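Below: one structure, written as structure tokens.
The values are calculated or read from the model by the stated rules, or taken from the named source; none is laboratory data. Predicted model, so just to flag it, every value in this text is computed and none were measured. Cβ placement follows ideal geometry from the backbone for every residue including glycine, while neighbour counts extend to all protein chains displayed.
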Amino acid sequence: MKLNAKKGKNQVAKSTETQSREEITERIASVEAALQAHTWCDLEIHGKFGKEEKISFISDDMLIVGCDIGSESHFIRAIDTRGRELSRDAYEFSNSSEGFGLAKEWMLKLAAINGKNQIVLGLEPTGHYWFCVATWMVENGISVVQVNPYAVKQTKELEDNSQDKNDRKDPKLIANLVKDGNYGMPYLPSDVYAEMRTLNRLRDQLMEDRNRAVNRLHRLMTIYFPEYKDAFGKFDGIFTLLVLMEAPFPEDILKKGAEGLKELWQKEHLRGGGYQRAGKIVEYARKSVGLKEGLAGGKLAVRVLANQVMMLDRELAETERMLEEQCRKIPHAEKVLKINGIGGTILTGIISEMGDISRFDDVKEIQKLSGLGLVACSSGKHKGETRISHRGRKRLRYWLFQAARSAVAHAAEFKELHEYYTTRVENPLKKLQSLIVIACKILRVIYAILKNGRTYNPKKLLMDIRRPEQRTAIAA
């Protein structure tokens with residue numbers, strides 16, 4: 001009798017377990033069918049998506065998952081809107097389609113068990129490793145948001161009163177930041193903006209490689225031909241590079257002679273004033289005090305580096321061509337080029353780093369993104385010094401600063417504005433401060449042109465300048 005009772009209990013337990021598994025499976029299927037991923041297109045371009053809106057977006061029926069990104073594997077933990085952890089421990093999955101699928105199954109099961117209908121994945125952007133997982137999750141119905149790595153670091157002691165920071169602790173810190181609305185929507189450029197960002201990164205890398213090769217050439221020539229700067233003039237120009245390929249050192253130049261150098265340039269169909277330097281190069285080579293040992297190895301090194309610079313120049317030209325071709329596809333971009341000093345190189349750099357202008361409700365958002373936002377630390381009677389934040393996309397900040405320098409050098413209105421800022425009676429700015437102010441003004445001009453299609457008006461730009469008679473009229 002006792003045996004039969006035990007068997008009966010076991011059968012009931014098994015049937016209950018089977019039934020609960022079936023219910024969970026059905027629930028998982030219904031949650032998966034109802035999943036809907038929200039992106040910046042849905043939330044940011046239809047009105048302001050501020051702190052209040054971010055908190056409202058995290059609803060009670062949403063499973064909040066924090067993800068710590070790694071190069072080969074990622075860790076996730078899940079909580080509810082009250083901050084209670086729903087996962088027993090961190091779940092590790094690989095950076096592959098199989099790993100992403102297992103992570104989704106893990107999240108769906110937790111959502112089904114805890115009565116959640118939607119899933120939001122918060123992550124700390126680590127280099128480029130988050131691109132694939134974020135794209136895959138959005139394509140599979142899971143909303144993805146980003147938290148600031150600095151915020152994660154600052155809140156690490158709130159969890160367990162410990163300075164410890166690791167891959168298993170971070171996901172919960174990230175999930176709690178998402179719960180409180182301390183997140184942003186990730187932006188991965190698409191179409192023309194994706195092409196421009198890739199090409200812009202390539203251009204930066206090619207320029208770095210070119211500068212490295214030119215610096216190595218400088219070192220070699222300083223050893224074997226110390227007078228090379230006076231002899232060649234522009235060292236990285238095509239006239240000089242052709243000579244370095246054929247006759248880099250003084251003894252080679254003397255063998256060629258002035259006529260030999262001219263024949264070398266004529267063979268490549270070069271035109272310009274470089275021919276006038278042939279005799280000067282030979283004269284400097286005759287008086288050179290460079291080293292005479294290790295010439296064979298030095299010649300090979302110079303030839304390799306000169307060839308590398310020429311190859312990089314060709315690749316840079318092709319990259320620039322493709323960048324300008326993509327830039328022409330952006331509405332109203334040609335109107336920006338009418339500003340003196342803002343050429344194709346600077347404009348493509350700004351747009352590549354900024355991305356789609358339609359995702360910004362206000363130009364101050366771009367200013368903050370570039371790290372040009374003004375910050376000050378003040379408390380009580382202490383008034384801190386106002387400075388720029390330096391947080392954000394440093395390459396965007398670089399291109400805006402280059403735009404300011406170029407505009408001040410080539411555009412009369414910006415030159416006048418720069419002079420006004422640095423010489424005004426009240427609160428005169430230093431030259432660097434003035435350039436930063438002008439960089440922000442150029443950003444506002446570009447924003448107005450690209451966003452609304454306005455035409456650039458130099459006279460309107462100078463309205464910031466207040467003449468003495470204007471100040472007197474205002475005071476009266």
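Quick check on this structure: which one of Asn176, Asn200 is of a type in the set (S, T, N, Q), more than 17 Å from the chain's Cα centre (by Cα) and in a helix (DSSP H, G or I)? Show your work before the answer.
Values: Asn200 fails: more than 17 Å from the chain's Cα centre (by Cα).
The unique qualifying residue is Asn176.
If I filter region 233-252 for residues that are among the polar types (S, T, N, Q) and without any contact (Cβ under 8 Å) to a residue 12 or more places away in the chain, do I get at least one hit?
So far as region 233-252 goes, yes, one or more of its residues are among the polar types (S, T, N, Q) and without any contact (Cβ under 8 Å) to a residue 12 or more places away in the chain.
What are the pairs with Cβ atoms under 8 angstrom where one residue, in region 145-167, is within 23 Å of Phe57 (Cβ to Cβ) and the other, located anywhere, is among the polar types (S, T, N, Q) and not in a helix (DSSP H, G or I)? Sequence gap at least six, or different chains.
Within 8 Å, the pairs are Val147/Asn182; Asn148/Asn182; Pro149/Thr126; Ala151/Asn182.
Return the pair list, or none, for Cβ contacts closer than 8 Å from residues in region 306-323 that are within 17 Å of Glu246 (Cβ to Cβ) to residues that are in a helix (DSSP H, G or I) and among the charged types (D, E, K, R), at least 6 apart or on different chains.
From residues that are within 17 Å of Glu246 (Cβ to Cβ), the pairs are Gln308/Asp209; Val309/Arg210.
Does any residue in region 336-349 that is more than 11 Å from Gln402 (Cβ to Cβ) come within less than 7 Å, Cβ to Cβ, of a residue that is aromatic (Phe, Trp, Tyr) and in a loop (DSSP other than H, G, I, E, B) six or more places away or on a different chain, and which pairs are these?
Once the first residue is more than 11 Å from Gln402 (Cβ to Cβ) and sits in region 336-349, its partners that are aromatic (Phe, Trp, Tyr) and in a loop (DSSP other than H, G, I, E, B) give Lys338/Tyr456; Ile339/Tyr456.
How many residues, within region 266-300, are touching a helix residue (DSSP H, G or I) at 6+ places or on another chain (Cβ under 6 Å) and in a helix (DSSP H, G or I)?
Going through region 266-300 one residue at a time, the tally reaches 9.
From the set of residues in region 337-365 that are in a helix (DSSP H, G or I) and acidic (Asp, Glu), which is surrounded by the fewest Cβ atoms within 10 Å (Cβ to Cβ)?
Pass one, region 337-365, residues in a helix (DSSP H, G or I): 344-354, 357-359, 363-365.
Within this subset, residues satisfying the condition of being acidic (Asp, Glu) are 353, 365.
On the way: Glu353: 24, Glu365: 15.
So, considering only residues that are in a helix (DSSP H, G or I) and acidic (Asp, Glu), the one surrounded by the fewest Cβ atoms within 10 Å (Cβ to Cβ) is Glu365.
For region 422-439, enumerate the residues that are in a helix (DSSP H, G or I), in contact with a Ser or Thr (Cβ under 9 Å, 6 or more places away or on another chain) and of a type outside the set (Ser, Thr, Tyr).
Lys431, Gln433, Ala439
Residues that are closer than 23 Å to Leu173 by Cα, modelled with pLDDT of 90 or more and assigned by TED's automatic domain parsing to the domain that holds Glu139, at least 3 per element: which helices (runs of 4 or more DSSP H) completely within region 1-65 meet that? Walk me through how you get there before you give the answer.
Working: elements: 2-34, 40-43, 51-57.
Once the helices (runs of 4 or more DSSP H) in region 1-65 are filtered for at least 3 residues that are closer than 23 Å to Leu173 by Cα, modelled with pLDDT of 90 or more and assigned by TED's automatic domain parsing to the domain that holds Glu139, what remains is 51-57.
Conditions first: (1) under 28 Å from the mean Cα position of the chain (by Cα); (2) in contact (Cβ under 8 Å) with a residue 40 or more places away in the chain. Gly99 passes all but one, so which condition is the exception?
All conditions are met except number (2).
Quick check: anything in region 374-393 assigned to a helix (DSSP H, G or I) and touching a helix residue (DSSP H, G or I) at 6+ places or on another chain (Cβ under 8 Å)? I'd like the intermediate steps shown before the answer.
Here is the first cut: in region 374-393, the ones assigned to a helix (DSSP H, G or I) are none.
Looking for residues that are assigned to a helix (DSSP H, G or I) and touching a helix residue (DSSP H, G or I) at 6+ places or on another chain (Cβ under 8 Å), one finds none in region 374-393, hence no.
Could you tell me whether Leu261 is part of a helix (DSSP H, G or I), modelled with pLDDT under 95 and among the aliphatic types (A, V, I, L, M)? Quick ask: steps written out before the conclusion?
Values: part of a helix (DSSP H, G or I): yes; modelled with pLDDT under 95: yes; among the aliphatic types (A, V, I, L, M): yes.
When the stated conditions are applied, Leu261 passes them.
How many of the residues in region 58-72 are closer than 25 Å to Gly115 by Cα and either exposed (fewer than 10 other Cβ atoms within 10 Å of the Cβ) or over 27 Å from the mean Cα position of the chain (by Cα) (or both)? So that I can check it myself, show each step before the final result.
Going residue by residue through region 58-72, those that are closer than 25 Å to Gly115 by Cα are 58-68.
Right, trim to either exposed (fewer than 10 other Cβ atoms within 10 Å of the Cβ) or over 27 Å from the mean Cα position of the chain (by Cα) (or both) and you get 58-64.
Residues flagged as closer than 25 Å to Gly115 by Cα and either exposed (fewer than 10 other Cβ atoms within 10 Å of the Cβ) or over 27 Å from the mean Cα position of the chain (by Cα) (or both) within region 58-72 amount to 7.
Could you say which residue among Leu177, Leu188 is out of contact with any Asp or Glu (no Cβ under 8 Å at 6 or more places or on another chain), under 21 Å from Ala134 (Cα atoms), crowded, with 16+ Cβ neighbours inside 10 Å and at pLDDT below 90? If you could, list the steps in order and put the result at the bottom.
Numbers: Leu177 fails: at pLDDT below 90.
Selected residue: Leu188, the only one of Leu177, Leu188 that is out of contact with any Asp or Glu (no Cβ under 8 Å at 6 or more places or on another chain), under 21 Å from Ala134 (Cα atoms), crowded, with 16+ Cβ neighbours inside 10 Å and at pLDDT below 90.
So for region 207-221 (the condition being at pLDDT below 95, farther than 22 Å from Leu300 by Cα, touching a helix residue (DSSP H, G or I) at 6+ places or on another chain (Cβ under 8 Å) and outside the structural domain of Val138 (by TED's automatic domain parsing)), does at least one residue qualify?
No, region 207-221 contains no residue that is at pLDDT below 95, farther than 22 Å from Leu300 by Cα, touching a helix residue (DSSP H, G or I) at 6+ places or on another chain (Cβ under 8 Å) and outside the structural domain of Val138 (by TED's automatic domain parsing).
When residues of region 147-175 are filtered for being among the polar types (S, T, N, Q) and closer than 13 Å to Leu123 by Cα, how many remain?
Kept after step one, since they are among the polar types (S, T, N, Q), are these residues of region 147-175: 148, 154-155, 161-163, 166.
From what's left, closer than 13 Å to Leu123 by Cα: 148.
Within region 147-175, residues that are among the polar types (S, T, N, Q) and closer than 13 Å to Leu123 by Cα number 1.
Return the residues of region 396-413 that are under 12 Å from Lys441 (Cβ atoms) and assigned to a helix (DSSP H, G or I); say none if nothing qualifies.
Going residue by residue through region 396-413, those that are under 12 Å from Lys441 (Cβ atoms) are 400, 403-404, 407-408, 411, 413.
Matches in region 396-413: Leu400, Ala403, Ala404, Ala407, Val408, Glu413.
Quickly run through region 293-327 and pick out the residues that are surrounded by fewer than 17 Cβ atoms within 10 Å (Cβ to Cβ) and polar (S, T, N, Q).
Residue satisfying the conditions is Asn307 alone.
Which count do you get for residues in region 342-365 that are over 18 Å from Met196 (Cα atoms) and either aliphatic (A, V, I, L, M) or modelled with pLDDT of 95 or more (or both)? Quick ask: steps written out before the conclusion?
Our first condition is that a residue be over 18 Å from Met196 (Cα atoms); within region 342-365, this holds for 360-365.
Going one step further and asking which of them are either aliphatic (A, V, I, L, M) or modelled with pLDDT of 95 or more (or both), we end up with 363.
The total comes to 1.
State which residue is surrounded by the most Cβ atoms within 10 Å (Cβ to Cβ) when the search covers only region 139-160 and only residues that are farther than 13 Å from Asn176 by Cα and of a type in the set (Ser, Thr, Tyr).
Ser143
Out of region 179-227, which residues are of a type in the set (Ser, Thr, Tyr), more than 21 Å from Ser358 (Cα to Cα) and free of Cβ contacts under 8 Å to residues at least 40 places away in the same chain? Working first, answer last.
Of all residues in region 179-227, those of a type in the set (Ser, Thr, Tyr) come to 183, 187, 190, 193, 198, 222, 224.
Retained after the next criterion (residues that are more than 21 Å from Ser358 (Cα to Cα)): 222, 224.
Across region 179-227, the qualifying residue is only Thr222.
Suppose the filter is within 30 Å of the chain's Cα centre (by Cα), within 24 Å of Glu44 (Cα to Cα) and not assigned by TED's automatic domain parsing to the domain that holds Arg203; does Arg359 pass it?
Numbers: within 30 Å of the chain's Cα centre (by Cα): yes; within 24 Å of Glu44 (Cα to Cα): yes; not assigned by TED's automatic domain parsing to the domain that holds Arg203: yes.
Here the answer is yes, as Arg359 does meet what is asked.
Filtering region 211-240 down to residues that are of a type in the set (Lys, Arg), part of a helix (DSSP H, G or I) and more than 30 Å from the chain's Cα centre (by Cα), which residue is farthest from Leu261 (Cα to Cα)?
At the first step, the residues of region 211-240 found to be of a type in the set (Lys, Arg) are 212, 216, 219, 229, 234.
Still in the list and also part of a helix (DSSP H, G or I): 212, 216, 219, 229.
If we keep only those that are more than 30 Å from the chain's Cα centre (by Cα) too, we end up with 219, 229.
On the way: Arg219: 23, Lys229: 17 Å.
Among those that are of a type in the set (Lys, Arg), part of a helix (DSSP H, G or I) and more than 30 Å from the chain's Cα centre (by Cα), it is Arg219.
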